[in-house]
1. If you add up the charges near residue 9, with Lys and Arg at +1 and Asp and Glu at -1, over every other residue whose beta carbon is less than 13 angstrom from its beta carbon, what do you get?
2. Rounded, prolate or oblate: which fits segment 10-85 when a ≥ b ≥ c are the square roots of the eigenvalues of the alpha-carbon gyration tensor, with rounded for a/c under 1.5 and prolate only if a/b beats b/c?
3. Once you list every other residue whose beta carbon is under 12 Å from the beta carbon of residue 84, what net charge do they have if Lys and Arg are +1 and Asp and Glu are -1?
Amino acid sequence: MIANIITIDDLQTFKQDFLEELIAVLEQRQTTPARKWLKSHEVRRLLTISPNTLQSLRERGALPYTKIGGVIYYDYDDIKKMLDQHKTITNIPDKTVKPIDRPTANRLRS
């Protein structure tokens, strides 16, 4: 029988590799849900919205859904698509301040 000797360095390497893999799995888990189809309470928690807001999104057609029996399901990809479609990009204005010309400054005072 051949014995393998494990050193402290081997254990440190194993620990580091294990932690890196665990962190990668946890980060992926935080960005995507475990299932493709989510129930209403899961969507509300994900988007931090009220039941009325979720109902409004359904009624306006902003968020597609599937109803089976009395349970409403939402596709995670549709939620992502809705968020992407409503993404706004604001332009940050130039921070330089232009001086006011004298006639304009006088009109502002009166």
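1. For residues surrounding residue 9, the net value is -1.
2. Details: a/c = 3.52, a/b = 2.95, b/c = 1.19.
Prolate, because a/c is 1.5 or more and a/b exceeds b/c.
3. Working: positive: 80, 81, 87; negative: 77, 78.
Within the 12 Å Cβ shell, the charges total +1.
FYI, it's all coordinate maths here, none of it is from the lab. Remember, predicted model here, so these are calculated numbers, not experimental data. Reconstructed Cβ throughout: ideal geometry from the backbone, glycine too, with neighbour counts over all protein chains shown.
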